[in-house]
Amino acid sequence: MKIIAMIPARYAASRFPAKLMQDLAGKPVILRTYEAAVSTKLFDEVYVVTDSDIIYDTIDKAGGKGIMSKKEHECGSDRIAEAVMEMEVDIIVNVQGDEPFTDKESLASILAVFNDDPDKEIDLASLMTKITDWDEINNPNVVKVVVDNRDFALYFSRAPIPFPRDKNAGATYYKHKGIYAFRKRALMDFQRLPMLPLEGTEKQEALRYLEYGRKIKMVETDVSGIEIDTPEDLEKAKAVWK
């Protein structure tokens, strides 16, 4: 199988404008993320796909591979779908541009599910990590996922799911980490299928796949990492990097 990584990178961000160009130990966040993906040696190619000349030039000057989007996109999956349309690839991994601590173990674990899927039942795979802090469980910026007994996703939400009517019932809460591995066919389908009400309401692109009956295999990881969504997150990342 030919496997590539795509890092969608918008310059604008509502909570933290230009976050991908913020300095992290001497290099922009997006360059740190790109280098982390390359260093895993899991991919035939790694690209940053962006709407920004600034980000593109940053990657290009560092000797990396950048792709400029041809039009505006509402989400990272649409941006990636445009970029890979003419590429001969089997699996595309969406690595979030704001995760400079992206690790090999987690990426390898989601790629492994496709090696054990002879009937190609799995359309895409993604990561989840256990959470126990109730502030995090109730935080709408933290996307939660519930799964069936085979770890296929049932629903994603910014709300606390399952609802804790009985906190002693033994439910496990999972945070969704926004790293996806797609079969190319599933990604192309995503681009042509219109957004439906659940995705539009939650602003969570994985719901589009579920609304159209696609199968998302979730893989648990112990690596929580740091997603840089706020200036406070950046300060945490700087402290960890040191």
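The values are calculated or read from the model by the stated rules, or taken from the named source; none is laboratory data. None of the values given here were measured: they were computed from a predicted structure. Here the Cβ is made from the backbone with ideal geometry for all residues, glycine too, and neighbour counts use every protein chain on show.
Yes/no per residue for (1) without any contact (Cβ under 8 Å) to a residue 40 or more places away in the chain; (2) closer than 28 Å to residue 234 by Cα:
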position: 81; (1), (2): no, no
position: 84; (1), (2): no, no
position: 89; (1), (2): no, no
position: 98; (1), (2): no, yes
position: 103; (1), (2): no, yes
position: 113; (1), (2): no, no
position: 151; (1), (2): no, no
position: 157; (1), (2): no, yes
position: 162; (1), (2): yes, no
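Taking the condition free of Cβ contacts under 8 Å to residues at least 12 places away in the same chain, surrounded by fewer than 21 Cβ atoms within 10 Å (Cβ to Cβ) and closer than 24 Å to residue 89 by Cα, does residue 213 pass? Explain how you work it out, then say what you get.
Values: free of Cβ contacts under 8 Å to residues at least 12 places away in the same chain: yes; surrounded by fewer than 21 Cβ atoms within 10 Å (Cβ to Cβ): yes; closer than 24 Å to residue 89 by Cα: yes.
Answer is yes for this residue.
Being over 26 Å from residue 33 (Cα atoms) and either surrounded by 13 or more Cβ atoms within 10 Å (Cβ to Cβ) or modelled with pLDDT of 95 or more (or both) narrows it down to one residue among 107, 154, 127; which is it?
Testing whether each residue is over 26 Å from residue 33 (Cα atoms) and either surrounded by 13 or more Cβ atoms within 10 Å (Cβ to Cβ) or modelled with pLDDT of 95 or more (or both) leaves just 154.
Of the numbered conditions (1) modelled with pLDDT under 95; (2) loosely packed, with under 13 Cβ neighbours inside 10 Å; (3) over 18 Å from residue 178 (Cα atoms), residue 15 fails exactly one; give the number of that condition.
For residue 15, the exception is condition (3).
Please go through region 97-122 and give me each residue that is in a loop (DSSP other than H, G, I, E, B) and acidic (Asp, Glu), ordered by number. Talk me through it step by step, then tell me what you get.
Taking region 97-122 first, the residues in a loop (DSSP other than H, G, I, E, B) are 97-103, 117-122.
Those that are in a loop (DSSP other than H, G, I, E, B) and acidic (Asp, Glu): 98, 99, 103, 117, 119, 121.
Taking residue 4 as the residue in question, decide whether it is crowded, with 20+ Cβ neighbours inside 10 Å and within 24 Å of residue 186 (Cα to Cα). Step through it out loud before you land on a result.
Details: crowded, with 20+ Cβ neighbours inside 10 Å: yes; within 24 Å of residue 186 (Cα to Cα): yes.
It is true that residue 4 is crowded, with 20+ Cβ neighbours inside 10 Å and within 24 Å of residue 186 (Cα to Cα).
List the pairs whose first member sits in region 48-74 and is farther than 19 Å from residue 4 by Cα, whose second member is assigned to a helix (DSSP H, G or I) and charged (D, E, K, R), and whose Cβ atoms are under 6 Å apart, counting only residues at least 6 apart or on separate chains?
73/79
If you go through region 182-190 one residue at a time, do you hit one that is over 30 Å from residue 2 (Cα atoms), modelled with pLDDT under 95 and of a type in the set (Lys, Arg)?
We begin by selecting, within region 182-190, every residue over 30 Å from residue 2 (Cα atoms); these are none.
Checking region 182-190: not a single residue is over 30 Å from residue 2 (Cα atoms), modelled with pLDDT under 95 and of a type in the set (Lys, Arg).
Inside region 32-95, counting only strands (runs of 3 or more DSSP E) that do not spill past its ends, which hold 3 or more residues that are closer than 27 Å to residue 123 by Cβ?
Values: elements: 45-50, 66-68, 91-94.
Filter on region 32-95 gives 45-50, 91-94.
Exactly one condition in (1) buried (at least 17 other Cβ atoms within 10 Å of the Cβ); (2) outside any strand (DSSP E or B) is false for residue 168; which is it?
Among (1) buried (at least 17 other Cβ atoms within 10 Å of the Cβ); (2) outside any strand (DSSP E or B), residue 168 violates only (1).
Taking the conditions exactly as written (closer than 30 Å to residue 119 by Cβ, part of a loop (DSSP other than H, G, I, E, B) and either under 19 Å from the mean Cα position of the chain (by Cα) or of a type in the set (A, V, I, L, M) (or both)), does residue 161 satisfy them or not?
Working: closer than 30 Å to residue 119 by Cβ: yes; part of a loop (DSSP other than H, G, I, E, B): yes; either under 19 Å from the mean Cα position of the chain (by Cα) or of a type in the set (A, V, I, L, M) (or both): yes.
Yes.
Say we look at region 48-99 and pick out the residues that are more than 15 Å from residue 12 (Cα to Cα) and of a type in the set (S, T, N, Q); which of these is farthest from the chain's Cα centre (by Cα)?
58
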